[in-house]
Amino acid sequence: MTPPPRDRADCRAVSEVLSRVGDKWTMQVVVALLDGPQRFNALKRQIGDISQQMLTRTLKTLERDGMVERTVCATTPPQVEYALSALGRSLSEPVRQMAQWARAHLPIIHDNRRRYDERH
């Protein structure tokens, strides 16, 4: 049985989602929030080399996509926590699998790059 042809709109839709979830910072935010809600500065410390502007942008995009929930606590000063939504949690397993694959295959990839660079 031949699979149905994929139309361009379907490919664009998949590409749009993959570009979001495959983004370096998106993956790191999802992993950082796996253990539960965190405040902005705790996230920034955990992720490490992300700028404040990039973390803000990534969190807003994830919130807009419905993967992260932002909660403002009624304290003085107000405190904001970020947590994975159900949709964001559903992304965590594929992200974890991709991270495991990357760790397992990184030495092979580095070796392949070295050999390629020696030939070219």
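The values are calculated or read from the model by the stated rules, or taken from the named source; none is laboratory data. In this text the structure is predicted, and so the values were computed from the model without any measurement. All Cβ positions, even for glycine, are placed from backbone atoms using ideal geometry, and neighbour counts span all protein chains on display. Just so you know, the surface numbers come from the protein's heavy atoms only, side chains and all, with ligands and any DNA or RNA stripped out. Shrake-Rupley method; radii C 1.70, N 1.55, O 1.52, S 1.80 Å.
Val17 contributes an accessible area of around 80 Å² to the protein surface, as traced by a 1.4 Å probe with all chains present.
Once all protein chains are placed together, Ser90 keeps about 70 Å² accessible to a 1.4 angstrom probe.
Taken one residue at a time, the phi angles of the stretch 30-44 give Karplus couplings (6.51, -1.76, 1.60, θ = phi - 60°) of 4, 4, 5, 8, 4, 7, x, x, 9, 7, 3, 5, 5, 4, 4 Hz. Gly and Pro are set to x. Take the Cα of Arg57, step 7 Å toward its Cβ, do the same at Glu118, and the gap between the two points is 3.9 nm.
Considering only Cys11, Ala104, Ser90, the residue lying farthest towards the positive end of the dipole of the chain is Ala104, judged by Cα position with unit charges set on Cβ. For the stretch 40-120, the solvent-accessible area with a 1.4 angstrom probe is 73 square angstrom per residue. For the chain, the square roots a ≥ b ≥ c of the C-alpha gyration tensor eigenvalues yield an a/c of 1.5 or more together with a/b not exceeding b/c, which makes the shape oblate. Accessible surface comparison of Ile109, Ile50, probe 1.4 Å, protein chains only, largest first: the order is Ile109, Ile50. Given their separation in residues at 0.36 nm each and the Cα-Cα distance between them, Glu16 and Gln100 gain 27.9 nm when the chain is fully extended. Full extension of the segment from Lys24 to Ala86, taken as 0.36 nm per residue of separation minus the current Cα-Cα distance, would add 20.2 nm. Around the amide H of Val68, modelled in the peptide plane, lie the amide H atoms of Glu63, Ser85, all under 5 Å away and 5 or more residues distant in sequence or on another chain.
A simple spin-label model places the labels of Ile108 and Glu93 2.4 nm from each other, with each point 7 Å out along Cα-to-Cβ. For the chain, the 222 nm mean residue ellipticity estimated from helices alone, with every DSSP H stretch of n ≥ 4 adding -39500 (n - 2.57) and the total spread over all residues, rounds to -21500 deg cm²/dmol. Our note on the geometry: Cα centres of the stretch 59-73 and the stretch 104-120, 38 Å apart.
3J(HN,Hα) couplings calculated from phi for the stretch 96-103 with the Karplus curve 6.51 cos²θ - 1.76 cosθ + 1.60 (θ = phi - 60°) are, in sequence order, 4, 5, 5, 5, 5, 4, 4, 5 Hz; Gly and Pro show x. Return a whole-number percent for the relative contact order of the chain, with Cα pairs under 8 Å and 6 or more residues apart as the contact set. It rounds to 23 percent for the chain.
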